[in-house]
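In what follows, a single structure is set out as structure tokens and then discussed.
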Amino acid sequence: MNKCKTQFVEMDRWWVVVLFAVAMAWVESAAVLYLRTLIGRIDPYQPNPLPSFGGFAMAEVIREAATMVMLAGAGWLAGRGWRARFSYFVIAFGVWDIFYYVFLRLLTGWPKGLLDWDVLFLIPLPWWGPVVAPCLVAGLMILFGTLVTQFACASGTPWPRRTSAIVCVIGMALALYVFMADAIRVVHQGEAALRQMLPTRFNWPLFSVALLLMAMPILDVARQVVGSRKTSEAEA
């Protein structure tokens, strides 16, 4: 009997999470359309990219945090056990992130290309990067979450070993540094400097290293799945 097989029963959960994330992406894109239209920043990469506009700043930060709570809630409801719940959360996050840009392009015509700069997040400091950068991270998240939730091995749910998990955390820290490097550089100058700051260079070499490190859990889980399949076939 094959001890490592696709759990087709889980596909229903996977699709529900994906559809939820796609719907959330439309809501996010629509909200950003309204906000950026009001402040004249459909393309955020222009002078004074984060202008002070009424009480929008705090509302926007809380909205971002609330979005994370909603995506985590979808993962919690879809999964059985903390590993599956976390994995469904990262699937939802990755799908939401990619389709956010898909829908924003449909609604506004922006981004015009994958190398267009965007303000990715505001917590704890503004994150800046080309559109393709968060999409690459999102792709890794979807792949990891899918491997964990859709395959079961003889030992149970495949999960990265401690070493690969630590390597991934290091990669995440490097990626966060790359996204926030310019904000970190000017944060001591105060809020006005953060609002007016425009990055001029993305550190692709360091970000590429970060991507490789973040991919380690995916390779680890994939090896477990393939290894369990080979063992099962040998025993059959």
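Structure above, values below:
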{"read-out": "Conditions (1) at pLDDT 90 or above; (2) touching a Leu at 6+ places or on another chain (Cβ under 6 Å); (3) closer than 30 Å to residue 122 by Cβ: number failed by residue 195", "value": "(1)"}
{"read-out": "Test result for residue 111, of a type outside the set (Phe, Trp, Tyr), crowded, with 17+ Cβ neighbours inside 10 Å and not in a helix (DSSP H, G or I)", "value": "yes"}
{"read-out": "Among the candidates 137, 187, 95, 102, residue that is in a helix (DSSP H, G or I) and at pLDDT below 95", "value": "187"}
{"read-out": "Residue check, residue 123 touching a residue at least 40 places away in the same chain (Cβ under 8 Å) and either closer than 29 Å to residue 222 by Cβ or crowded, with 18+ Cβ neighbours inside 10 Å (or both)", "value": "no"}
{"read-out": "Test: residue 137 is within 30 Å of residue 226 (Cα to Cα), free of Cβ contacts under 8 Å to residues at least 24 places away in the same chain and not hydroxyl-bearing (Ser, Thr, Tyr)", "value": "no"}
{"read-out": "In the stretch 1-38, the residues that are among the charged types (D, E, K, R) and either modelled with pLDDT of 95 or more or closer than 22 Å to residue 90 by Cβ (or both)", "value": "10, 12, 13, 28"}
{"read-out": "The stretch 19-65: number of residues that are in contact with a strand residue (DSSP E or B) (Cβ under 8 Å, 6 or more places away or on another chain) and either within 15 Å of residue 104 (Cβ to Cβ) or in contact (Cβ under 8 Å) with a residue 60 or more places away in the chain (or both)", "value": "4"}
{"read-out": "Residues of the stretch 192-207 satisfying the condition of being closer than 13 Å to residue 52 by Cβ and surrounded by 14 or more Cβ atoms within 10 Å (Cβ to Cβ)", "value": "194, 195, 196"}
{"read-out": "Any pair with Cβ under 8 angstrom, 6 or more apart, that starts in the stretch 156-178 at a residue that is touching a residue at least 40 places away in the same chain (Cβ under 8 Å) and within 23 Å of residue 123 (Cβ to Cβ) and ends at one that is among the basic types (Lys, Arg) and surrounded by 14 or more Cβ atoms within 10 Å (Cβ to Cβ)", "value": "none"}
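The values are calculated or read from the model by the stated rules, or taken from the named source; none is laboratory data. The structure displayed is predicted, hence computed values, not measured ones. Note: ideal-geometry Cβ built from the backbone for every residue, glycine included; neighbour counts use all protein chains shown.
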